[in-house]
1. What is the gain in length, in nm to one decimal, between LEU123 and LYS157 on full extension, counting 0.36 nm per residue of separation less the C-alpha to C-alpha distance?
2. Of SER144, LEU125, ILE102, which is farthest along the charge dipole of the range 1-149 in the positive direction, counting Lys and Arg as +1 and Asp and Glu as -1 at C-beta?
3. Once you have the Cα-Cα distance between LYS107 and LEU55, take 0.36 nm times their residue separation minus that, and quote the gain in nm to one decimal.
4. Nearest 20 debye, what's the magnitude of the dipole of the range 43-152 about its Cα centre given +1 on Lys and Arg Cβ and -1 on Asp and Glu Cβ?
5. Report the label-to-label distance for VAL44 and SER74 in nanometres (one decimal), using points 7 Å from each Cα along the Cα→Cβ vector.
6. Suppose the chain between MET1 and SER132 were pulled fully straight at 0.36 nm per residue; how much longer would it get relative to their current alpha carbon spacing?
7. At PHE143 and ILE63, where each label point lies 7 Å from the Cα along Cα→Cβ, what is the point-to-point distance in nanometres?
8. Determine the sum of side-chain charges near SER6: Lys and Arg each +1, Asp and Glu each -1, restricted to other residues whose C-beta is under 15 angstrom from that of SER6.
Amino acid sequence: MYQSISGNNPFGFLQQYNAFSTHTNGYTPISRSGFYRANLTFGVSIMLGLYFVILMGCGMTLIKSYQKNNILFSIVMIILALGVIASMSSGPLLAFIILLVILPLFKYRSYWKLFIGMIIIGLILVEVASNSPWYEALSRLTFSEETAYYRVLLIRKTFHGGMSDHWFCGYGLADPGWGP
């Protein structure tokens, strides 16, 4: 949360040693919705948020172990949730929401066919109500509609025949047809 509020990454100087980074000048704060996207030692803030979601999922499976110490469990879960929020990324927030839906339903996992049917019906209803593809309608719930729309265009390009011969290696670092 410190990095998300202040824009100062205490571990930013380590970015120059990241083997996968294209920026050798260290950490550059990226602003979104009045906050900064925290990434700590991760190269991308999305990975930081997903890391905290994974830790929350693992931690919530231990809830019975913390029966005597509910306060400690609650504090740890709040800290992990703040880590998800600090990434200021829609992907980890979506994963967090899915986690919060799946964990209570885990007890009823024998009804998985019913749950899959409900998801499909829900996506069809979203598509009918919005008069646009479901993935485009849900992209309006993100922090940045521009980056979400870029993903919508990639999905359209993929399913409308624009990705022939590119499935294994990506698009080939070529312009998909709508500009850089």
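1. 10.2 nm
2. The one lying farthest along the dipole's positive direction is ILE102.
3. Taking 0.36 nm per residue and subtracting the Cα distance, the gain is 16.7 nm.
4. Values: 7 positive and 4 negative charges, 125 e Å.
The dipole of the range 43-152 has a size of about 600 debye.
5. For the pair VAL44/SER74, the computed spacing is 3.6 nm.
6. Result for the pair: 43.6 nm of gain on full extension.
7. 2.7
8. Around SER6, the surrounding residues sum to +2.
The values are calculated or read from the model by the stated rules, or taken from the named source; none is laboratory data. Just so it is clear, the model here is predicted, and its values are computed rather than measured. So basically every Cβ, Gly included, is an ideal-geometry build from the backbone, and we count neighbours across all protein chains shown. Side chains are part of the model used for accessible areas, which takes the heavy atoms of the whole protein and leaves out ligands, DNA and RNA. Shrake-Rupley method; radii C 1.70, N 1.55, O 1.52, S 1.80 Å.
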